[in-house]
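Undergrad: Okay, handing you the structure first.
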Amino acid sequence: MDVDVNLGELIHRGGVYFNVKGKTPQEIYSTISKAAQLPAELSSEILFAELCQREELMSTAVGNGIALPHPRYPLLKKLDEQRIIVCFLDNPLIMNAPDAKPVYVMLILLTSSSQVHLKVLSQLAFLFQKKEFRSILEKKPSEPELITAVKKNL
């Protein structure tokens, strides 16, 4: 069974946050867990704990200043509550990325199934390979600009 994933819709649902403060991934996760609009079934405390646990296993930095924090397993029950929370950091963080570049943007994935999670990761990996898309990310685009860039580059 193939799942249909609309990254623009997921970003719109999750929101785009600018100048997120924190000197460690855990501080960033604390800040964004409290600031983000979350589904009723997911508390900020659980999201924070799950993101921290995942980060302890292995860095979620993927290179080019990008990290993809996510819980180890789906935390959401409903398809229409899935989201990507985009966080542009106030100060880049060293997160042991494969290319050693500091992370300036995090895309936090919250999905309802492993299948959707893998599809989202696949689409994001495809986007991150495109220099044009990475250049747009580096400019810290607004939510509409980011969604337009996603649609244009997928």
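Residue-wise test of (1) under 18 Å from residue 5 (Cα atoms); (2) acidic (Asp, Glu).
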| residue | (1), (2) |
| --- | --- |
| 49 | no, no |
| 57 | no, no |
| 74 | yes, no |
| 77 | yes, no |
| 81 | yes, yes |
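Undergrad: Specify the residue that is most open to solvent (accessible area, probe 1.4 Å); the eligible residues are those in the range 113-124 that are out of contact with any strand residue (DSSP E or B) (no Cβ under 8 Å at 6 or more places or on another chain) and not hydroxyl-bearing (Ser, Thr, Tyr).
TA: The first filter runs over the range 113-124 and keeps only residues out of contact with any strand residue (DSSP E or B) (no Cβ under 8 Å at 6 or more places or on another chain), leaving 113-116, 118-119, 122-123.
Next, only the ones that are not hydroxyl-bearing (Ser, Thr, Tyr) stay: 115-116, 118-119, 123.
Values: 115: 78, 116: 8, 118: 113, 119: 58, 123: 36 Å².
Among those that are out of contact with any strand residue (DSSP E or B) (no Cβ under 8 Å at 6 or more places or on another chain) and not hydroxyl-bearing (Ser, Thr, Tyr), it is 118.
Undergrad: Here's a follow-up. Mind listing whichever residues of the range 46-104 are of a type in the set (Val, Ile, Thr) and closer than 21 Å to residue 16 by Cβ? Show your work before the answer.
TA: Applying the first criterion (of a type in the set (Val, Ile, Thr)) to the range 46-104 yields 46, 60, 62, 66, 84-86, 94, 103.
Correct list: 60, 62, 66, 84, 85, 86, 103.
Undergrad: Could I ask something else about it? So, in the range 1-31, of the ones that are free of Cβ contacts under 8 Å to residues at least 12 places away in the same chain and within 26 Å of residue 56 (Cβ to Cβ), which residue ends up most open to solvent (accessible area, probe 1.4 Å)?
TA: Ranking the qualifying residues of the range 1-31, first place goes to 27.
Undergrad: Please verify whether residue 83 is touching a strand residue (DSSP E or B) at 6+ places or on another chain (Cβ under 7 Å) and not hydrophobic (A, V, I, L, M, F, W, C), treating the condition exactly as stated.
TA: On the way: touching a strand residue (DSSP E or B) at 6+ places or on another chain (Cβ under 7 Å): yes; not hydrophobic (A, V, I, L, M, F, W, C): yes.
Judged against the criteria, residue 83 is a match.
Undergrad: Same structure again: Suppose we filter the range 137-154 for residues that are under 17 Å from residue 104 (Cβ atoms) and either more than 16 Å from the chain's Cα centre (by Cα) or open to solvent by less than 10 Å² (accessible area, probe 1.4 Å) (or both); how many remain?
TA: 6
Undergrad: Could you look through the range 34-62, keep only residues that are closer than 20 Å to residue 125 by Cβ and assigned to a loop (DSSP other than H, G, I, E, B), and pick out the one that is least open to solvent (accessible area, probe 1.4 Å)?
TA: Applying the filter and picking the extreme gives 60.
Undergrad: Residue by residue through the range 97-112, note down the ones that are surrounded by fewer than 19 Cβ atoms within 10 Å (Cβ to Cβ) and either under 16 Å from the mean Cα position of the chain (by Cα) or among the small types (Gly, Ala, Ser) (or both).
TA: Correct list: 100, 102, 112.
Undergrad: Just give me the residues in the range 92-122 being of a type outside the set (A, V, I, L, M), more than 24 Å from residue 147 (Cβ to Cβ) and either part of a helix (DSSP H, G or I) or touching a Gly at 6+ places or on another chain (Cβ under 8 Å) (or both), in sequence order.
TA: Result: 98, 99, 101, 102, 114.
The values are calculated or read from the model by the stated rules, or taken from the named source; none is laboratory data. Here the structure is a predicted model, which is why all the values come from computation and not from measurement. Neighbour counts run over all protein chains shown; Cβ positions are idealised from the backbone, glycine included. Accessible surface areas use protein heavy atoms only, side chains included; no ligands, DNA or RNA. Shrake-Rupley method; radii C 1.70, N 1.55, O 1.52, S 1.80 Å.
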